[in-house]
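Structure first, commentary second.
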Amino acid sequence: MSHTLTILDVRDRIHQARSVTVLTGAGISADSGVPTFRGTDGLWKNYRAEELASPDAFARDPKLVWEWYNWRRELVATKRPNAAHEALVKLEQRIERFWLITQNVDGLHPLAGSQQLSEIHGNIWKVRCTQCERFWPNRDLPLVYPPICAHCPGLLRPHIVWFGESLAPEDLTRSYQALQDCEILLIIGTSGVVYPAASFAPIAKDGGALVVELNLEPTPNSPVVDLSFHGRAKDLVPLLLQTV
Ligand code: OAD
């Protein structure tokens, strides 16, 4: 007789696990009021994220790209971590080997208290010089255009991994290690269409992990994972991790 895993079984498995890896996307921040990228509320002045978050877009019209990031920074500045972010902080504290890989650039995971994490797409609260490559935190609201480097005449850009750019090698290495090493991978609120994160589910599965997806709806990851739960991250994550 085949046995279908329930949320209680997954809870038990997490309870006993020594290594858990979590991958998050914009869906976890949606419950804090941050628009997702591919949802209808994610459009800004009718541009899609792909049309603004790229080196080409920045080379063509840096002012426009900064206007978009200023809009997102103003918006994110008013938002707080939600119960899902908080549940992951508690999980990190009780699991021997825990790693959080987030595609989110809003900084809500570190704000909630997550420490064992890679922000693989960067952080909206950091800027980087396009000439000397130095980067540092910046919370100016708005960031007045054109922002110029403190060390050279270079124009500053958001410290974010744009479409067509590579992830930082140390983030990739740490993420692959966490995916290959984990007993359980939780995938929370990502559409699963942006690489390399879109390839993380099969990597963890090949390594023998139980892979569980939490999302409002089915995604391209769904056929690969062992189990999908549908609902809002702020409800499902605390329920699964027993923090409610
Ligand atoms: P997307 O906007 O592509 O997908 C958001 C996912 O979250 C969708 O699958 C939704 O169904 C799901 N979702 C929405 N609300 C939810 C909720 N309350 N609870 C649970 N799930 C919910 O965002 P990402 O997958 O994160 O890159 O996108 C990946 C990358 O593409 C982003 O990091 C960003 C973007 O362009 C950069 O900023 C560089």
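The values are calculated or read from the model by the stated rules, or taken from the named source; none is laboratory data. Since the structure is predicted, the reported quantities are computational estimates derived from the model, not experimental observations. Cβ sites come from the backbone with ideal geometry, for glycine too, and all protein chains shown count toward neighbours.
Of the residues V20, V10, the single one that is away from the ligand (no atom under 15 Å from the Cβ), in a strand (DSSP E or B) and of a type in the set (A, V, I, L, M) is V20. Considering region 11-36, the residues that are out of contact with any Cys (no Cβ under 8 Å at 6 or more places or on another chain) and of a type in the set (V, I, T) include one that is farthest from F229 (Cα to Cα), namely V34. Inspect all residues belonging to region 71-78 and state whether any of them is more than 9 Å from the ligand (Cβ to nearest atom), assigned to a loop (DSSP other than H, G, I, E, B) and modelled with pLDDT of 95 or more. Scanning region 71-78 turns up at least one residue that is more than 9 Å from the ligand (Cβ to nearest atom), assigned to a loop (DSSP other than H, G, I, E, B) and modelled with pLDDT of 95 or more. Taking region 150-176 as the range and being within 10 Å of the ligand (Cβ to nearest atom) and of a type in the set (D, E, K, R) as the test, only E165 passes. Quick test for you: out of S2, S54, pick the one residue that is outside the structural domain of K205 (by TED's automatic domain parsing) and either modelled with pLDDT of 95 or more or among the aromatic types (F, W, Y) (or both). Just a single option satisfies the conditions, and that option is S54. Apart from one condition, C182 fits all of (1) closer than 23 Å to H85 by Cβ; (2) in contact with a Leu (Cβ under 6 Å, 6 or more places away or on another chain); (3) more than 15 Å from the ligand (Cβ to nearest atom); the exception is (2). Restricting to region 28-41, name every residue that is part of a helix (DSSP H, G or I) and either free of Cβ contacts under 8 Å to residues at least 12 places away in the same chain or more than 9 Å from the ligand (Cβ to nearest atom) (or both). If the condition is that a residue be part of a helix (DSSP H, G or I) and either free of Cβ contacts under 8 Å to residues at least 12 places away in the same chain or more than 9 Å from the ligand (Cβ to nearest atom) (or both), then T40, D41 are the ones that fit.
Taken over region 179-198, residues that are part of a helix (DSSP H, G or I) and either small (G, A, S) or closer than 16 Å to T36 by Cα (or both) amount to 2.
Taking the numbered list (1) surrounded by 18 or more Cβ atoms within 10 Å (Cβ to Cβ); (2) over 26 Å from R97 (Cβ atoms); (3) not charged (D, E, K, R) in turn, H230 passes all entries but (1).
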